[in-house]
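Enquirer: Before I ask anything, let me first share the structure, which is written out below as structure tokens.
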Amino acid sequence: MTKLHHLVAPETTVGRLIAADPEGWRAYTEHAFVAGLQNGTLPLAAFRAYLVQDYKFLIHFARAWALAAAKAEDPVEIRACATTVHALIDEELKLHVAFCAGFGLDEKAILAAPEHPATTAYTSFVLERGLSGDLLDILVALAPCVVGYGEIGARLAADPATRLEGNPYRAWIETYAGDAYAAVARAASAQLDRVAAARIGEPLERSPRWPGLVATFARATALEVDFWQMGLDAAG
């Protein structure tokens, strides 16, 4: 059976949420889109469609982290969320535009493209969880993306079957397998641990809130699957 954890320890909050729906996590982190990135066979049209939507997703993602900051009450958590917003808006978006340029996509074309329903569904869900819930709810909804990409990168880096030489998606793999992104994923996981401990305490699984958090995590994970599939479908 495929190892589920490469970056985040099983005893963390994220690890326990993954353990509550392991098949859903595999469907996300081992999706055919990811397999195509791993061996370099993903159609270029699929990756280009993904890049366009991912840019739009990042904007909504920054909004969600800003909402998380508004939901936070502890200065430590406000600062953590604000730091993520800064990184997304002032660093990640610029890097994304530069990366898109390497695949023939300029920022004007990206902005002009319509938002795909899969993007809208995912980002709307995350924002709804933040608006209707508390900081813990929105961090759980955000976790599959920020932690999942780190898990995918770590898995691909550890897998001898991953093709790097001549792979057009090598830069994507190395970005999410790199130390810098691993630090981002671990920081998000640690923040979720702190907030879960403060809000519901141990054992997490005995809290009356746990089933709802599991459902939120599973839904966000399923929406990540839909996001990959959106890219594949664009290639016909």
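The values are calculated or read from the model by the stated rules, or taken from the named source; none is laboratory data. Note that this is a predicted model, so its numbers are computed, not measured. Every residue, glycine among them, receives a Cβ derived from its backbone with ideal geometry; neighbour counts consider all protein chains shown.
Enquirer: Hey, can you tell me all the residues within region 167-181 that are part of a helix (DSSP H, G or I) and either basic (Lys, Arg) or over 22 Å from Ala69 (Cα atoms) (or both)?
Expert: Answer for region 167-181, where residues must be part of a helix (DSSP H, G or I) and either basic (Lys, Arg) or over 22 Å from Ala69 (Cα atoms) (or both): Arg170, Ala171, Trp172, Ile173, Glu174, Thr175, Tyr176, Ala177, Asp179, Ala180.
Enquirer: Across region 197-231, what is the number of residues that are of a type in the set (A, V, I, L, M, F, W, C) and more than 19 Å from the chain's Cα centre (by Cα)?
Expert: Result for region 197-231: 5.
Enquirer: When you go through (1) of a type outside the set (Val, Ile, Thr); (2) closer than 28 Å to Ala161 by Cα; (3) buried (at least 16 other Cβ atoms within 10 Å of the Cβ); (4) in contact (Cβ under 8 Å) with a residue 60 or more places away in the chain one by one for Gly102, which number turns out not to apply?
Expert: Going through the list (1) of a type outside the set (Val, Ile, Thr); (2) closer than 28 Å to Ala161 by Cα; (3) buried (at least 16 other Cβ atoms within 10 Å of the Cβ); (4) in contact (Cβ under 8 Å) with a residue 60 or more places away in the chain, Gly102 breaks only (3).
Enquirer: May I pose another question? Ile152 versus (1) out of contact with any Ser or Thr (no Cβ under 8 Å at 6 or more places or on another chain); (2) modelled with pLDDT of 95 or more: which is the lone unmet condition?
Expert: Result: Ile152 passes all but (1).
Enquirer: Further question on the same structure: Residues to consider are Tyr50, Tyr28; find the one that is of a type outside the set (Gly, Ala, Ser), in contact with an Asp or Glu (Cβ under 6 Å, 6 or more places away or on another chain), within 27 Å of Gly236 (Cβ to Cβ) and buried (at least 19 other Cβ atoms within 10 Å of the Cβ).
Expert: Testing whether each residue is of a type outside the set (Gly, Ala, Ser), in contact with an Asp or Glu (Cβ under 6 Å, 6 or more places away or on another chain), within 27 Å of Gly236 (Cβ to Cβ) and buried (at least 19 other Cβ atoms within 10 Å of the Cβ) leaves just Tyr28.
Enquirer: Related question: Out of everything in region 25-36 that is assigned to a helix (DSSP H, G or I) and under 16 Å from the mean Cα position of the chain (by Cα), what residue ends up being farthest from His6 (Cα to Cα)?
Expert: Phe33
Enquirer: Over 27 Å from Asp74 (Cα atoms) and either assigned to a helix (DSSP H, G or I) or modelled with pLDDT of 95 or more (or both), is that true of Leu213?
Expert: no
Enquirer: Identify, please: which residue in region 122-173 is free of Cβ contacts under 8 Å to residues at least 12 places away in the same chain and of a type in the set (Asp, Glu) and is, among those, surrounded by the fewest Cβ atoms within 10 Å (Cβ to Cβ)?
Expert: Glu165
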